[in-house]
Amino acid sequence: AQSVAQPEDQVNVAEGNPLTVKCTYSVSGNPYLFWYVQYPNRGLQFLLKYITGDNLVKGSYGFEAEFNKSQTSFHLKKPSALVSDSALYFCAVRPSISSGSARQLTFGSGTQLTVLP
Amino acid sequence: KAGVTQTPRYLIKTRGQQVTLSCSPISGHRSVSWYQQTPGQGLQFLFEYFSETQRNKGNFPGRFSGRQFSNSRSEMNVSTLELGDSALYLCASSFVGQGVTGELFFGEGSRLTVL
């Protein structure tokens, strides 16, 4: 079975500084990896995904993520944080091996990002 | 293009009652999944529907059920509500043509409070 770990419940960063939200995964075979963001009382918004190819994936709102197969990690990054980036961030994984659970995502526990003015 | 629409957004029920939640997927999306979000358990998969058939089910009791209609709209039902069923229920749709590489698009959720 697949799993995702987000080791930090809370990340604080000053506005204008770079931010990193960490994610590690465990899955059989090659992983498909996703990042989502959730604002208070809202649903999840898709940020980016890694399927194959370039290890650095660029997504919405200036976010990017780096896939590292040897470390089984998929950390979310942004060069310069904004106060409006403050939200709950979820990493998710889906195995590439097709099965009955083809579209099911396994989510991490989430990381609350706070960007301080 | 309209996003995933969930109704109602908020509802309050008492223990023992039942509840039905509705989800309209993005036009053209034929797969609909449901997730439960709670502070303690995080995001947990409930079930997925495609072509009016349940394709996969998470580890939830039989009180949780769902269905999908021919227009891809989906409903989920929780019977004999318990306090622990209080949660944000999220519906997500995806474009089946992308297969397993496609991302899920989530609705705003239905927040259920059980008293």
Kindly provide log₁₀ I(q)/I(0) values, in the same order as q = 0.09, 0.16, 0.20 Å⁻¹, from the Debye equation applied to equal alpha-carbon scatterers of chain B.
-> -0.21, -0.67, -1.04
For the range A:108-117, in residue order, the Karplus 3J(HN,Hα) values (coefficients 6.51, -1.76, 1.60; θ = phi - 60°; whole Hz; Gly and Pro = x) are x, 7, x, 10, 7, 9, 10, 9, 8, x
For the range B:45-61, 3J(HN,Hα) per residue [Karplus equation, 6.51 cos²θ - 1.76 cosθ + 1.60, θ = phi - 60°, Hz, x = Gly/Pro] | 6, 9, 6, 10, 10, 8, 6, 6, 10, 6, 9, 7, 9, x, 8, 10, x
Which of the trypsin sites (Lys or Arg not before Pro) found in the range A:45-105 are loop residues per DSSP with 12 or fewer other Cβ atoms within 10 Å of their Cβ?
-> A:K69
Could you order A:Y36, B:Y10 by accessible surface area, starting with the largest, using a probe radius of 1.4 Å?
-> B:Y10, A:Y36
J(HN,Hα) series, the range A:7-13, from Karplus relation 6.51 cos²θ - 1.76 cosθ + 1.60, nearest Hz, glycine and proline x = x, 10, 6, 9, 10, 10, 8
Hey, can you grab everything whose amide H is under 5 Å from the amide H of A:Q112? Only 5+ residues off in sequence or another chain; H modelled, so Pro and N-termini drop out.
-> A:Q10, A:V11, A:Y89
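What does the buried accessible surface come to for A and B, summed over both chains, with the probe at 1.4 Å? Round to 100 Å².
Numbers: alone 6300 and 6270 Å², together 10540 Å².
Counting both chains, the buried surface is close to 2000 Å².
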Long-range amide H partners of B:R30 with built H, under 5 Å | B:S94, B:V96
Given labels modelled 7 Å from the Cα in the Cβ direction, how far is it in nm from A:N55 to A:S84?
-> 3.3
Expressed in angstrom and rounded, the centroid-to-centroid distance over alpha carbons for the range B:53-86 and the range A:52-117 is 28
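The values are calculated or read from the model by the stated rules, or taken from the named source; none is laboratory data. Being a predicted model, the structure only gives us computed values, none of them experimental. Note that each Cβ is placed from the backbone with ideal geometry, even for glycine, and that neighbours are counted across all protein chains shown. Ligands, DNA and RNA are excluded from the accessible area calculation, which covers all protein heavy atoms including side chains. Shrake-Rupley method; radii C 1.70, N 1.55, O 1.52, S 1.80 Å.
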